[in-house]
Each structure stands twice: as structure tokens, then as C-alpha cells.
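Taking it in order: structure first as C-alpha cells, then the write-up.
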Amino acid sequence: MPQEYRLILKHADQPGYTPDLACYLRHGGYESLKKALATPGRDLPDGKKQTPREVVRDDVLKSGLRGRGGAGFSAGLKWSFVDRRGGKPIYLVCNADESEPGTFKDRQILHKDPHQLVEGMIISCWANDVKLAYIYIRGEMPHGARLLNKALEEARAAGFLGKNVLGSGHDIEIHVHRGAGAYICGEETGLIESLEGKRPYPRIKPPYFPAVLGLYMSPTIVNNVETLCHVVHVVRLGGAEYAKLGTPNNTGTRIVSLSGDVTKPGYFEVEVGKVTLGELINDPAFGGGLKTGRSLKAIIPGGSSSKVLKAGEKFKLRRKGADGQMTQVEVDLLDLPYDFDSLQQAGTMSGSGAIIVMDDTRDMVDTLANLSEFYAHESCGQCTPCREGALWMSKALHRLTTGGGRSADADYLRDIAQNIQGRTICAFGEAAAWPVLSFVKKFRDEFTARGQADEAARAKGLAKPGTHH
Amino acid sequence: MSNAAPNAPAPTAPPPVETLRIKVDGRDIDVPKTMPDWQGRPQPTTMLQACHLAGHEVPHYCYHPKLPVAGNCRMCLVEFGTPAMDMATRKPILNEDGSVKIARSVLPYEPQTPRGAIACATPISPGMEIYPSSPATKQMRESVLESLLINHPLDCPICDQAGECKLQESSVQHGQGASRFVEAKVHKPKAVDLGPRIVLDDERCVLCTRCVRFTKDIVGDDALGIVNRGSYNTISAFPGKAFDNNYTLNTVDLCPVGALTSKDFRFKMRVWFLKETRGICTSCATGCNITIGSREETVHRYEPRENDAVNGTWMCDSGRLNYRWIGRADRLRDVTAGGAKTTWKAAIDAIAGKLASAPAGSVAIVASARQTTEELYLVKKLATRLGAPTDSVPREGEADKLLVSADRNPNSNGARLTGISYTEAGIQLPRIADGIRNGTIRSLVVFGEDVTQHGIGADLLAKLELLVASDILPNATTAAAHHVLPGCAAAEKRGTFVNAKGRVQRFLKAVEPKGDARPEAEFLLELLAGVGAGQFPATAEGLFNRMAGEIPAFAGVEWARLGDAGANVAV
């Protein structure tokens, strides 16, 4: 029986658990910080010495921790890219701009256990020689910002934060910065621009890789809320022990946000790769199945920008056998292990860990029109393909859902989306294009049928007035 | 076009330039490892710069060599490849024929689809292959252009930019013949009054942010920005604030489309009718290089002309708009003697006669630092022949950090080098005034200045036996003069100015002088002959070369070698 495995949310939903420091301390809070600060240096077999900070960074690398924000990039590798020799200050920024439609995991941490994030940030600051860190929190989460500020004050008063953290001689300060309500501020370089007080236009890479030219043109680490919380547990368990959670290359746990047409939507923390999409949707421990009399139509597996998966699809996954040999296995949609690599091999991504389930009552044209409207609204407009293409797709879909469709609209939409993906400054281009590309490809019949119906109606003079521009 | 000073002392041999070998469209080329960025600092050479060296211009909107790179228009996306590397051995993978295998750039999540990189911001690397003409590159350009055009009003027939519009040009070169767009266009503000000199059409804007970056990073006035988001993005000044610094009109030049237009120029003239002449701005001692746009003897606009030794690609608004007086209706057109129209021959004969017979020390000459170096050289010859004291009139204002010089004369250094004025211009003027007052100076020749504004009042002018005034526009001095000789604006003649930093720069004639007006050098030659001061070459070239042979500061400089960018002289 698949079960939740609560690491991050171990205490958060327990009765009587409150977001204040005293409660966090009663539950073993800040012990990982103490452990990190007490980490001894070590001699490596090749004669080199590792400083205590390098030991902790190495542990994070060995833990296999991958970013929980969307891209799933190795946190330890990200830390290793930081320019530590340039003499500039290093900044840590916590990305708490959780905005991907369908995603509601970081807010559980922010609202229920803010000290866990603070502890993870203090450890990460110490391990990376960071003296100043920021939490960039989504503007629509004012309560979270209040709780974070209170948590920071408590941590400061208790000596976990501020001058000379726990007598370590290291000064660490963390500030909360509230966004103003733009999805693009979740893109790390857009976030950095916004933090600098500018319009959140993502930066071009090269040359502005945050690890080298980030906040205030200084090396900067941007990590997601959940990722930083995992650092607490990596330190507590040790990297090697942490890596035993989950599956190889997809270690640890992650919080899945499950929404849409399931009987029991919600968030569930699971070991990565140990449960399948089908279990997450149907098991009583998780989504509890579809509503009575409905059948599965589609799944958006990793936040609204991930490519949609169609019920009945089969995927070829590469699996490493016990003998180390790679073999190919065919897996049904519902048997896909919910992890980074399997979903990537299935042509989509686990993204922000948000699963949106759609049953047979859903109209795919209407659904895509809704998604596209979001991306057209949230495109920052900096670069041409996304600025013009996102709204173009949204307008075309609006036309298609209001009686002005054409049978050729499926190809029309595909062509527009193809001219966006891979040609923009940031990954928003993909986020806007992928839903369109995948919906149109996998549910082409629905798009064509809508267009043909509208054409037929127009031919008979039945078109609603004013629906075609 | 070289910007190097031809007479600059030969520097010690420059260090050999480190190069990288890459391929552009299949042809090997060695390009420097670093090239100047927008501030002139060496930075890794970009694909766009490398393609330029290979003779392939990558189309672009947001990129400008003198502005920070933005990378937002995506027009310069090019397909490329890099040597394939064996991750295990860290060695290049070879083809069967032994050549290095090239891994073409592809989308990481869709390996069958080529991925472009923006040429403006992507550095080259050893062995890189750039494919600026490949089908994938062409398709990327087509798609970006299509995106730029879907919400564009396509109002070219009434757009001032038509004829010099990058959107038009790229559409012809890289665009598609038809549009697939069937949706409603986005509508944005039209004819926005951005400031006293600028009108903005937001629908034409391609949001390249050149104007924003220029105004913020070059001028230091963070006045422009973008409001709204996505396809509704709109260039704007701060609400309630006018876009009003002395460099706003550069944004009109920078704007690749017809979004930013000059109130002074809009709807006045189709640009394809304009004749373009290389000139020098006369509004201060910086000597910004300009292109004069004229049609049928009327000047319609000045635009900055690139010269990295002087003005880069910019000029100030006040200099740019300082041309309308050239066409003023009250321009001096007639040669007059005692208020009556006469001929050049009669006037020059009469003046030469009077000056030749004037006792030594009784003649003074006030020249102008707005005159060409060649004219000043001839004036000095005249003064020497007559034993006359000379000076020019100083004109001071406030300097700014970018281009405007405190010296508002275009040729103060020319006046100094030719000996018309001393280091401090104008110190002779009180002595000339005293000389008139006490009767020692009885003849005064004035070029291009109203001396009544500079300490030689109408009362003193009235005491003179002979007052000759050569000028362009009427003033109190020309009104008091016995002889008036109509002269030319810089745009009506050829010559040189020496700027504040000692850059001698030539300018060419754009329009014909008004009425009987002639270039001053022409009648100065006749005057010099008339007073027996000798013969001089009749052309600007000849005069310049003669002068350069005489005045040590100009040693080694020749008109023909000045080129379009000028040369440095010691000042």
C-alpha cells in the first residue's frame, strides 16, 4: 500500500502544531543548524582537506537533492557553480513566489512551519558563506509574509540569526521581500531584477547566470522553499542516508499538489519515484479516485506548463536493472512512477509537483483556452516570440471557443507555439507553448471538430454575430 | 572608414591580436578573441560581431553597438554548432574523415529541432560553426518578423520612418509575403506627446528598449520605461513627467521603426527625397559629426553621423535643431554699400582700395570662431598685411557630461591656431574699442559677429571711417556698416573646424547660398589680392593644404587625408 512519507510536513498538520519558535524547538527545531555548525572538516583520500562548509556542501551534493521549484536541477551542483573567488558577496535567495497554476505546496510550509525554511536558509547561508539572504514571497501571500517576518524575529532573538549565529562567528541576515503579483517573478533572474527594484524582466544567459552575475551582479543562489527545507533533513540524516529516500537519481521526498477531478484533492508528501501517477490519483491514501461514473481523460503532471498526458498513453522508459544494464520497458500512464526522470522520459516533466486531473467531462479546447489566457496575461512581454505569441494563441483559442473556429486552427496553434519554444529569453516561452503543443497534438480531434462545426455553422449563415474578428 | 588619426604618432607595434578560428556559413575565418563592447571595453567576441567580420550582417532590432545588450528582439537568432565532445575522455569526437564532428544546437527536450542563440549576446568559442543562412535560421527570422508584424499597424504610407525603417527592410529581406494572423490587433496609444520634441506611436513600437537604454545608460536620465505587460507592453515616460533632456532626439534615430518621431521633422518630408551631406555641427566646440538632410536647397534635418573620436553616434537636441535659421527669410542676400545694393566687384574694389591706403595701425579686424579654419587663415593674412590687431568673440555656456562643450564656438581652436585670437579669446576686444574711442583705429572689418553685443557699441561704430561687416543675418553691426558682404552658413560651403580636443574635421556643402551670398573664403581671396597680400589657392582643399604647410600644428595633415573622421592636431 502506497503511503505518504512525511519529512518536510512531518509536524505541520499535527494537532496543536503552531508556526512559532517554541513549537518548532519542541519538535527538534534548529538541531540541524547546530549540527551543521559543529561539522568538523575532513581529510580526503587524495590528501586534500575539506572545510566544515565544504563538507556540508558536499553532503548536499551527495544527497542527490534536486530542486523542487520546477526544473529539478541538482541543488548541490547549483551550489558548486557559485563564483567564490571573485571577492563579491554571495547572496542566497529563497524563491517563495509559488505561482504555477495547480501548485500549493510551498504555502503549506510558509503558513504552517516557517521556521523549517528559516533553518534551511541559515544552514545554506552558512555553508555557502552567505551573509545576506532574501525570501522573495508571492504578493498574494500576505499572511505568509507576516509569519515569515515573525519567524525571523524569533530566530534573531534566539541567536539563530543576526550577528554571530550561535557563537559561530558568522553573521547571517534574512529579509522578506514581497512580490507584487506577477508569475514571471518566479523565474529566477526575473525574481532577481524584481528584488533589485526593477521590472522583472528575466536576464539573458549568457552572461547573467545567477551563480556568477546574480543579485546586484554578485554570485547568487536561488532555491525553492521546499528545496531549502530539504537541506535541514540532509544535514540531519547525512547526505548518504538522505539519498536512500526515494529512488536513485530521484532522491528524497516531495510534496505533490493534487487537484482537478479527483474526489480528494490535496497535498501529499511522498518518496520520489516510490508512488505512481495512478496511485496518486486513485489510492485512498491520496486522491481517492475519480468521481463516480467518470473516466480519466488527461493529466497535467507537473504544473500547468507541463505537457499534458492522455489517458491510455503508453511510454517507453529506460530502466537500470540490478546488473547495471539499461533496458527499455513500456509503462502505462497510470503506472508512471512520479519522479523527475520518468516524467521527462514520458515527454513531460514533474515540474513543481502539481498534478491536475481531468475527467471525461472536460472540454480540452476550453481547458487550453483557460490555460493560454493565463500565460498571455503573465507573459512579461520582454522578448518578441512570447510577447506576441502568447496573446496570439490565447486570442485564437478564444475565437475557437466562441464560435469563430476554423478546421485549420489546430495547425495554426501548433505553428505559433513552435515559434515560441526555445526562442525566448527564459523558460516562460516553453511554459506558454507546451500546453498548446501537447493539447493540440494529443486532442487534435477536439480542436478540429470545433473548427469544422463553426465553419459549417458559418456556411449556413448561423454564425453568431460578432464572434469572428 | 578609419577613425584613426592619420597624423597620430605611430604607436609601438600593437600586440598581436589573439584570434579564434570559426566557420561562418561554411567558410573558415579567424576572428579576434575579444572585441569592444558598447563601452569600448574588450569582451569575448559575439557571434554577431564574428558574422559581421565574415561579411554577413545578422538582422537585429534591439542590438546597438553603443548600447548595453538587451537580447529581447530575438531577430538575431542564428543556428550554430560546436565541436562535439566525448564527455568521458573530454576529447573532441571525430568524423570518419578525421575532421572534428560538430554538434548542431538543438532543443534539449526535442533533439530533432534546431535551437538558435541570439548572436548579439552569445560569445564565439573555438571551432564554433555559425549558420546565419541556414533554413532553420531563416525560419527563426521569419517567425520573429511575423510576431513583430501581427500587432503592427502597417501604416507605412503615412509613417515618417518609411524608407529608413528596419521593419520594412527586414520584411523585404527576411519576411514572408503574407500574414496568417486573423485575430484582432492590440490597440495602443497613438500620437503620445512624450515631451517637447518627441511624439510616440505605441502601436508601431517593437519594444526593443533602445530608447530606454540610451536614455538611462548613456544620458543618465532614467526617464523612460515600459508599463503594462505582455503584448500590451507600452513605452512610457513617468506619468505626468515630460521626456525632456537635451538628448531626446537621439531616441528617434535609435528607434528602428516609426514609434518615436521628431516633432520638428514629422510629416515634413519623405526621407527618400533627402540629399545627405556630411557636415559638422556648429553649435559648440565638440564638433559633432552630422548628416545634413536637404532637398532643393532647403535643410530639413540634422542627424548625428558616427565618429567614435568625437560624438560616437549621438548629438544633442539643441545642436540638432539649430539649422532653421539657415532658411530664414531675412538672410542677408545683397552686397550693399551705404545701404544700396551693389556688385561684389564694386564692393571688393572699394574696400580694398580704402584698406590698402589706410595708415598702418588704423585698421582692426574682429573675426568669428564660427568661421572655417581656412577663412580665419585668410583673415590673418589680411591682418598681417594691414598690421591690424585681430580677435574673435568668445561664447561660453554650460558644459554637460556627454557632448555639449562650454565653448559654444565651433572653431575656437581654429582661431587660436591661425593666430586670430590668443589663448583667451576676446581679450583684444576692449583694446580695439579703446582704439576706436581714442581715434587710432579708424577702420573696422567684422566677420560674422555683432560687435555691439561685445563691447564695441553703436556709438563707437559711428566714429569709424570704414566699417565692413560680413555676416549671414542682419544685426546692429551690419546695420551700421558702410559695406555689407553677405556670407554663408557652414551648410552652404566647404571647410574645416578644429574642435575643443584638437580634432580638425572637414565638412561639405549641402545647399546653395542665398541670393548673392558667397563663401567668405572666395571674397577674402579677392580682398587679399586687392590689398596686395598675394595669391592663395582658390579651393578649400588648396587653402587647407597651404595652411597646413605653414602652421606647425597642422604639420603632416592634408585635406585628402582628413577623411570623414578628421585628424588630431596639437592645440
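For the reader, a short list of remarks on this structure follows.
- If you go through the stretch B:101-146 and keep only what is assigned to a loop (DSSP other than H, G, I, E, B) and of a type in the set (Asp, Glu), you end up with nothing.
- Test: residue in the stretch A:402-424 that is more than 8 Å from chain B (Cβ to nearest Cβ), of a type in the set (Asp, Glu) and buried (at least 21 other Cβ atoms within 10 Å of the Cβ): yes
- Options A:Val270, A:Val235: the member that is assigned by TED's automatic domain parsing to the domain that holds A:Glu98, at pLDDT 95 or above and over 26 Å from A:Asp360 (Cα atoms): A:Val235
- As a summary of the residue check, B:Val310 satisfies the conditions (1) without any contact (Cβ under 8 Å) to a residue 40 or more places away in the chain; (2) in a loop (DSSP other than H, G, I, E, B); (3) more than 22 Å from B:Glu520 (Cα to Cα); (4) hydrophobic (A, V, I, L, M, F, W, C) except for the one numbered (1).
- Members of the stretch B:72-105 found to be open to solvent by 40 Å² or more (accessible area, probe 1.4 Å) and within 14 Å of another protein chain (Cβ to nearest Cβ), listed by number: B:Thr82, B:Arg104
- Criterion (of a type in the set (Ser, Thr, Tyr), touching a Gly at 6+ places or on another chain (Cβ under 7 Å) and in the same structural domain as B:His482 (by TED's automatic domain parsing)) met by exactly one of B:Ser368, B:Ser405, B:Ser357, B:Ser421: B:Ser368
- Any hit, the stretch A:282-305, residues being in contact (Cβ under 8 Å) with a residue 12 or more places away in the chain, open to solvent by 20 Å² or more (accessible area, probe 1.4 Å) and in a helix (DSSP H, G or I): yes
Each row is one residue, and each column tells you yes or no for (1) within 13 Å of another protein chain (Cβ to nearest Cβ); (2) touching a residue at least 60 places away in the same chain (Cβ under 8 Å).
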residue	(1), (2)
B:Glu129	no, yes
B:Ala136	yes, no
B:Glu146	yes, no
B:Ile150	yes, no
B:Pro157	no, no
B:Glu164	no, yes
B:Gln168	no, no
B:Val186	yes, no
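- The lone exception for A:Met393 - which of (1) hydrophobic (A, V, I, L, M, F, W, C); (2) touching a Gly at 6+ places or on another chain (Cβ under 8 Å); (3) within 11 Å of another protein chain (Cβ to nearest Cβ); (4) open to solvent by less than 10 Å² (accessible area, probe 1.4 Å) it fails: (2)
- Within the stretch A:130-182, tally of residues that are aliphatic (A, V, I, L, M), outside any strand (DSSP E or B), under 14 Å from A:Glu119 (Cα atoms) and open to solvent by less than 50 Å² (accessible area, probe 1.4 Å): 7
- Any hit, the stretch B:379-396, residues being buried (at least 24 other Cβ atoms within 10 Å of the Cβ) and in a helix (DSSP H, G or I): yes
- You will find that of A:Gly429, A:Gly351, the residue that is within 30 Å of A:Val331 (Cα to Cα), buried (at least 24 other Cβ atoms within 10 Å of the Cβ) and away from chain B (no Cβ under 12 Å) is A:Gly351 and no other.
- Hits in the stretch B:437-455 (condition: open to solvent by 30 Å² or more (accessible area, probe 1.4 Å) and in contact with a Leu (Cβ under 8 Å, 6 or more places away or on another chain)): B:Arg437, B:Arg442, B:Thr452, B:His454, B:Gly455
- Whichever residue in the stretch B:58-71 is more than 11 Å from every other protein chain (Cβ to nearest Cβ) and more than 17 Å from B:Glu142 (Cβ to Cβ) and, among such residues, is nearest to the chain's Cα centre (by Cα): B:Lys66
- Per-region count, the stretch A:364-383, residues over 21 Å from the mean Cα position of the chain (by Cα) and either touching a residue at least 40 places away in the same chain (Cβ under 8 Å) or open to solvent by 10 Å² or more (accessible area, probe 1.4 Å) (or both): 7
- Residues considered: B:Ala406, B:Ala415. Of these, the only one that is of a type in the set (Gly, Ala, Ser), within 23 Å of B:Arg506 (Cα to Cα) and surrounded by fewer than 16 Cβ atoms within 10 Å (Cβ to Cβ) is B:Ala406.
- Residue count for the stretch B:219-246, restricted to those that are open to solvent by 30 Å² or more (accessible area, probe 1.4 Å), β-branched (Val, Ile, Thr) and in contact (Cβ under 8 Å) with a residue 12 or more places away in the chain: 1.
- Condition check for B:Phe523: under 23 Å from the mean Cα position of the chain (by Cα), in a helix (DSSP H, G or I) and surrounded by 19 or more Cβ atoms within 10 Å (Cβ to Cβ): no
- Filter result for A:Leu191 (open to solvent by less than 40 Å² (accessible area, probe 1.4 Å), closer than 26 Å to A:Leu33 by Cβ and modelled with pLDDT of 95 or more): yes
- Restricting the first member to the stretch A:351-363 and to residues that are over 12 Å from A:Ile299 (Cβ atoms), and the second to residues that are in a strand (DSSP E or B), the beta-carbon pairs closer than 7 Å and six or more apart or on different chains are A:Gly353/A:Arg254; A:Gly353/A:Ile255; A:Gly353/A:Val256; A:Gly353/A:Ser257; A:Asp360/A:Lys297.
- The stretch A:201-244 holds no helices (runs of 4 or more DSSP H) entirely within its bounds that carry 3 or more residues that are within 14 Å of chain B (Cβ to nearest Cβ), surrounded by fewer than 24 Cβ atoms within 10 Å (Cβ to Cβ) and not charged (D, E, K, R).
The values are calculated or read from the model by the stated rules, or taken from the named source; none is laboratory data. What you see is a predicted model, and the numbers here were worked out from it, not measured in a lab. Cβ sites come from the backbone with ideal geometry, for glycine too, and all protein chains shown count toward neighbours. Just so you know, the surface numbers come from the protein's heavy atoms only, side chains and all, with ligands and any DNA or RNA stripped out. Shrake-Rupley method; radii C 1.70, N 1.55, O 1.52, S 1.80 Å.
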